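Read the structure below first, then the notes.
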Amino acid sequence: MMLRRLFVLLGAALVAGILTLALLDKVPVETDLLAMLPATERNPAAEQAMAHIARAHERRIVLIASADDAAQARRAASTLASTLRASAAFEHVTLEVPPAALDALRDTYLPYRAGLLAAPMREALALNGREALAQALYRSLSAPLPAGVPLDPAADPFGTLAGFLAELPFAGGRFTPEQGMLMAHHAGRSHVLLSAETAGSPHATNTQQAVVAALAQARSDAAEHTPDAEVLATGLVLYAAAAQHTAKHEMSLIGGVSLLGITLLLLVAFRSLRPVLLGIACIALGVAAGMAVVLAVDGRLHLLTLVCGTSLLGIAVDYPLHYFARRQRAGAQWQAEAAMAEMRPALTQGLLTSLLGFAALLAMPFPGLRQIALFSMAGLLTAYVATLTLLPLFARRPARHTPAAARRRSPAGPLAMPRWRRALLAVLVIASLPGLARLTHNDDVRLLSTPDPALAQQEAAIRALTRLDQGSRLFLIEADTADAVLQREEHLTAALRSRAPSPESGFTAVSAFVPSARRQADNRQALARVLLDDAGWGNALLDEVGYRPEVAHSLSEALRSEATLTIDHWLAQPVSTPYRHLWLGATAGGVASVITLSGAWPADALEAAAQAVPGVTLLDKPAAVSTLMGQYRQGMAWALACAIGLSLLLLSRRHGWRGAAATLTPCILAVALPLAALGMLGVPVTLFHWLALMLVFGIGADYGIFTREGGAQGEAAFGVLLAAITTVLGFGLLAFSSTPAIASFGLTLFMGVVTAFCASPLARADRPHLVPAA
Amino acid sequence: MTRRGLVLLALLGLCLSLPARADDALLAQITTRVASSPVLRADFSQTKTLAAMRKPFRIAGHVTYARDAGVLWQVTAPYAVTYLIDARGAAEIDASGQRKAGGGGDNAGAAQAARIMQALLGADLAPLQSSFALAPIRQDAGWQVTLTPHRADLARHLARIVVRGDTAVEQVDILEATGDHTEIRFTAITHDTRLSEAEAALFARPE
């Protein structure tokens, strides 16, 4: 009867475990740690702009084929393009530039030529109009090479339109159309630019897998046909795929090793398979419940939640552990129901303090922390209920292997606290105080992710050649009308131009493609003032050079007409396709656009430029996130202090004030000593250290409670020892993660748990406690 | 088509390819002849005949061609301006040899045009075969090569280029698709083995 029930349970646990593992591959795991953070902007238009640009960026993938020989680079690029086109993972693979592309550009701007001037020309015209235009006229006739965009000299005798077109901030940077492809020649090598978009969302696992496979195929095809060519690629999807891969690899390795360790430990301790299987069943149920709740609430599971989930193994297993430790000790006098009844207060108190800690996290407006809290609370609650209900059911009979280890150890045990040990602990506490005073902080956003070095290298190489813009920092420009937006953009770009730290520091603004109506009118006026003055200077100059009268006539006509290039007209032209995302158009507060940045820009230059123009907001995601992390780090510290205070209150009802203080001593030490160690070592404390301390608090409180409830002679020591070892197995291994956030999380937990374990005897009641088991 | 027809067609193709080989030999001869001096200096006179103009527009100046460095194009009349043309494109340089911004720059196909220009002045024409059909002939004491673009993007704007010369290129004619015509004549050509220090300093423009 008993046996059959056990098998049913084991079957269910097995199925749950397999389902969990299978789901892990299907579950959308969010690896972008920035996604864990709340909205950084108070302004809804700013948040919308950020999301808009992120959407425009996230599917893009940029490739460059390079070789010493131009023909080789072109062949490699063609091979890449055909393989990528054949794959379902990509769409809009762009390599060829249609021969008519430059004509389309010319045709878009030619009708408005009188109002279009490049910045240097506009300045020269203001300083010395006649000289500037005479120079421009002769230069355009004497230049040894043709202009990039072929223009009829009759339509642009002063080369002003050619100058305007040459200044357009094309995303290609050094790349220009050559033999139908975008090519650049730099440092003795020829490069060909390709771009593509992922067919699916770059956050979806199947998209990532398909993209990585197609790219590998394309690379190997290119290597086969053109062995000397080099292929560089960058795109959010590649980083996401690499992060996902690393994360899952680490999770399965760390999770696997810790599970194996826990299993072995329990086997050795109890010399029976039953506690092992039941312990694992409790963990599996907890993790499954946590996952289910998170998926039901948020729809996706975050990497960091998964990490905490793995480590939940370490806490959830404590509940069954204490039960089995007690059974072991009791030997033949074991009575399941009575024992459980006796244990229940300790279990409940332990659960409540843990839940209290996590509830503090839940209260914060921080989606990432909320998810972790949700996961942990659901998981712990489930493990608690499972321990309470399942264990007395399946482990009724006394332990077969009697108590050798457990009994021998428990009375004096390794945890008995001789005087010298207390003294040592006191010395340690005093010695650590200066460490607490030396604590430093670090809220740098880069802690959140360590991009794959190979990918980062390729991205840097591509950025050096192209004008790839940064998606994380941009300007939002708002005004009442479209033309006012363009005017503000013009003021901002002038401010930026004067503050640019290097020629590589660029920006992309719609107003470079479509000057404001006012700017176009000003330009027409400035040209007309010089060319169409009373003396007819412009006409005379054109005649002197040899131009037919029609040229001067058509130019005067153009200057007198009010033909103005409008944003709506430009948006409807094919040439605007790559830049349309910069124009947000009508918003709740009026009209808005964004200006993206490329190359290096110091933050203070950007802030100064933003402050110089009204209606401009600098959206700096990394800086905003760093500020937020700092705020939450402080919030966590307060939450922890509150949780300790509340626990003291809670425990004082049962143990009195002194007893409550003693019970919480291990847990307070476990929080304070790792902090002191970090201070001593000069390691800056981050949000993730505090996150770990939050868990340490829950664990330390558990140890204190079990020790106190276990009796004056340290009867619970065996259970606490096992719990500490399993927790260290679950968490300590996280210190080896390659993500700095997770590694510092693991290390802090390790230090905290070891401290809590060593200090747990401090929680013991000095005399046998009077409160009878409920 | 019959089998005999195919054979005939193949033979025809073979015959057509024979002169091409002769052309290659002649092109190689021309290149060798001009390449014997690594540095050439000359005066140039450029005449643009544009549909939009009622009279040709002339400019004159001095050119220095260095096989390994590029071309220094100094316009002296009617307006003084100096350009430096190398593998990266054309850049305007001021009196002190500093590169000026916005002088045509490295963008918009300038590098490609610069390579064509250098190949023309050095008569190193074989590399241009990927873009042009080359028709060389012997002429008087010297030679003449007609370059007809076979790439669509070039042919849209360029009808043909004719290069004429002997131990150096003496004349380049650029005929645009619109009918506009640019003629460049080189006179007072001198051969040298190396650049003067002042010239070398101008060529060494920073990256």
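Give the range B:34-59 a look and list any residue that's at the interface with another protein chain (Cβ under 10 Å from one of its Cβ atoms) and within 18 Å of the chain's Cα centre (by Cα), or say none.
Passing the criteria: B:Phe44, B:Gln46, B:Lys48, B:Ile59.
Taking the condition at pLDDT 70 or above and within 14 Å of chain A (Cβ to nearest Cβ), does B:Thr31 pass?
No.
Does A:Leu362 satisfy the condition of being within 20 Å of A:Ala288 (Cα to Cα), under 37 Å from the mean Cα position of the chain (by Cα) and modelled with pLDDT of 80 or more?
no
Would you mind finding the one in A:Trp570, A:Trp601 that is touching a residue at least 60 places away in the same chain (Cβ under 8 Å), surrounded by 13 or more Cβ atoms within 10 Å (Cβ to Cβ), more than 30 Å from A:Ala461 (Cβ to Cβ) and of a type in the set (Phe, Trp, Tyr)?
A:Trp570
Among the listed residues A:Ala104, A:Ala166, A:Ala187, which satisfies the condition of being over 23 Å from A:Val545 (Cα atoms), at the interface with another protein chain (Cβ under 7 Å from one of its Cβ atoms) and either among the β-branched types (Val, Ile, Thr) or open to solvent by 20 Å² or more (accessible area, probe 1.4 Å) (or both)?
A:Ala166
Considering only the range A:359-399, how many residues are in a helix (DSSP H, G or I) and either under 16 Å from A:Asp298 (Cβ atoms) or in contact with a His (Cβ under 8 Å, 6 or more places away or on another chain) (or both)?
15
Among the candidates A:Ser498, A:Ser472, which residue alone is modelled with pLDDT under 85, outside any loop (DSSP other than H, G, I, E, B) and not β-branched (Val, Ile, Thr)?
The unique qualifying residue is A:Ser472.
Consider the range A:365-386. How many of its residues are closer than 15 Å to A:Ile280 by Cα and either modelled with pLDDT under 85 or small (Gly, Ala, Ser) (or both)? Full working, then the answer.
The initial filter retains those residues of the range A:365-386 that are closer than 15 Å to A:Ile280 by Cα, namely A:379-380, A:382-386.
Now narrow it down to the ones that are either modelled with pLDDT under 85 or small (Gly, Ala, Ser) (or both): A:379, A:383, A:386.
Adding up the residues that qualify gives 3.
Please determine, by comparing only the residues of the range B:156-188 that are of a type in the set (A, V, I, L, M) and over 16 Å from the mean Cα position of the chain (by Cα), which one is nearest to the other protein chains (Cβ to nearest Cβ). Full working, then the answer.
Kept after step one, since they are of a type in the set (A, V, I, L, M), are these residues of the range B:156-188: B:158-159, B:161-163, B:168-169, B:172, B:174-175, B:177, B:184, B:188.
Cutting the leftovers down to over 16 Å from the mean Cα position of the chain (by Cα) gives us B:177, B:188.
Details: B:Ala177: 9, B:Ala188: 19 Å.
In this case the residue turns out to be B:Ala177.
How many residues does the range A:531-548 contain that are assigned to a helix (DSSP H, G or I) and open to solvent by less than 50 Å² (accessible area, probe 1.4 Å)?
Qualifying residue count, the range A:531-548: 6.
Let's see how each residue does on (1) under 30 Å from A:Thr627 (Cα atoms); (2) crowded, with 22+ Cβ neighbours inside 10 Å; (3) of a type in the set (D, E, K, R):
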| position | (1), (2), (3) |
| --- | --- |
| A:Tyr323 | no, yes, no |
| A:Arg327 | no, yes, yes |
| A:Ala330 | no, no, no |
| A:Gln335 | no, no, no |
| A:Met340 | no, no, no |
| A:Leu355 | yes, no, no |
| A:Leu362 | yes, no, no |
| A:Gln371 | yes, yes, no |
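Within the range A:43-63, count every residue that is crowded, with 18+ Cβ neighbours inside 10 Å and among the acidic types (Asp, Glu).
Residues in the range A:43-63 being crowded, with 18+ Cβ neighbours inside 10 Å and among the acidic types (Asp, Glu): 1 in total.
I'm checking my understanding of the structure. Among residues of the range B:67-91 that are open to solvent by less than 10 Å² (accessible area, probe 1.4 Å) and more than 8 Å from chain A (Cβ to nearest Cβ), which one is nearest to the chain's Cα centre (by Cα)?
Checking each candidate, the answer is B:Gly70.
Looking at the range A:501-530, which of its residues are outside any helix (DSSP H, G or I) and touching a residue at least 40 places away in the same chain (Cβ under 8 Å)?
A:Pro501, A:Ser502, A:Glu504, A:Ser505, A:Gly506, A:Phe507, A:Thr508, A:Ala509, A:Val514, A:Pro515
Starting from the range B:150-161, keep only residues that are within 18 Å of A:Ala104 (Cα to Cα), then list their pairs with residues that are open to solvent by less than 50 Å² (accessible area, probe 1.4 Å) and assigned to a loop (DSSP other than H, G, I, E, B) whose Cβ atoms are within a distance under 7 Å, requiring at least 6 positions of separation or different chains.
If the second residue must be open to solvent by less than 50 Å² (accessible area, probe 1.4 Å) and assigned to a loop (DSSP other than H, G, I, E, B), the pairs left are B:Asp153/A:Gly180; B:Leu154/B:Ser131; B:His157/A:Pro150.
Select, from A:Thr198, A:Thr176, the only residue that is modelled with pLDDT of 85 or more, open to solvent by less than 30 Å² (accessible area, probe 1.4 Å) and either assigned by TED's automatic domain parsing to the domain that holds A:Ala70 or within 17 Å of A:Leu105 (Cβ to Cβ) (or both). Break it down stepwise before answering.
Working: A:Thr176 fails: modelled with pLDDT of 85 or more.
Just one listed residue meets the conditions, A:Thr198.
Name the residue that is farthest from the other protein chains (Cβ to nearest Cβ), counting only residues in the range A:84-96 that are open to solvent by 30 Å² or more (accessible area, probe 1.4 Å) and in contact (Cβ under 8 Å) with a residue 24 or more places away in the chain.
Restricting to residues being open to solvent by 30 Å² or more (accessible area, probe 1.4 Å) and in contact (Cβ under 8 Å) with a residue 24 or more places away in the chain, the top hit is A:Ala88.
With the requirement that a residue be open to solvent by 20 Å² or more (accessible area, probe 1.4 Å) and within 12 Å of chain A (Cβ to nearest Cβ), what does the range B:138-155 give you? Break it down into steps so the answer makes sense when it comes.
Going through the range B:138-155, the residues open to solvent by 20 Å² or more (accessible area, probe 1.4 Å) turn out to be B:138-141, B:144, B:146, B:148, B:150-155.
Listed by number, the residues that qualify are B:His150, B:Arg151, B:Ala152, B:Asp153, B:Leu154, B:Ala155.
Can you find a residue that is crowded, with 23+ Cβ neighbours inside 10 Å and hydroxyl-bearing (Ser, Thr, Tyr) anywhere in the range A:249-257?
no
With (1) of a type in the set (S, T, N, Q); (2) in contact with a strand residue (DSSP E or B) (Cβ under 8 Å, 6 or more places away or on another chain); (3) closer than 30 Å to A:Arg344 by Cα as the list, and A:Ser272 as the residue in question, which single condition is left unmet?
(2)
Of the numbered conditions (1) at pLDDT 85 or above; (2) surrounded by fewer than 21 Cβ atoms within 10 Å (Cβ to Cβ), A:Val594 fails exactly one; give the number of that condition.
(2)
With the requirement that a residue be touching a residue at least 60 places away in the same chain (Cβ under 8 Å) and in a loop (DSSP other than H, G, I, E, B), what does the range A:549-564 give you? I'd like the intermediate steps shown before the answer.
Of all residues in the range A:549-564, those touching a residue at least 60 places away in the same chain (Cβ under 8 Å) come to A:550-551, A:554-555, A:558-559, A:561, A:563-564.
Within the range A:549-564, A:Ser561, A:Ala563, A:Thr564 meet the criteria.
Since A:Ala460 meets every condition but one in (1) open to solvent by 50 Å² or more (accessible area, probe 1.4 Å); (2) in a loop (DSSP other than H, G, I, E, B), which condition does it not meet?
Condition (2) is where A:Ala460 drops out.
Considering only the range A:120-151, state which residues are under 22 Å from A:Glu178 (Cβ atoms) and open to solvent by 20 Å² or more (accessible area, probe 1.4 Å). Explain how you work it out, then say what you get.
Initial filter on the range A:120-151 (under 22 Å from A:Glu178 (Cβ atoms)): A:143-151.
The answer is A:Ala143, A:Pro144, A:Leu145, A:Pro146, A:Ala147, A:Gly148, A:Pro150, A:Leu151.
The values are calculated or read from the model by the stated rules, or taken from the named source; none is laboratory data. Being a predicted model, the structure only gives us computed values, none of them experimental. Backbone-built Cβ (ideal geometry, glycine too); neighbour counts: all protein chains shown. Calculation scope for accessible area: heavy atoms of the full protein, side chains included, ligands and nucleic acids excluded. Shrake-Rupley method; radii C 1.70, N 1.55, O 1.52, S 1.80 Å.
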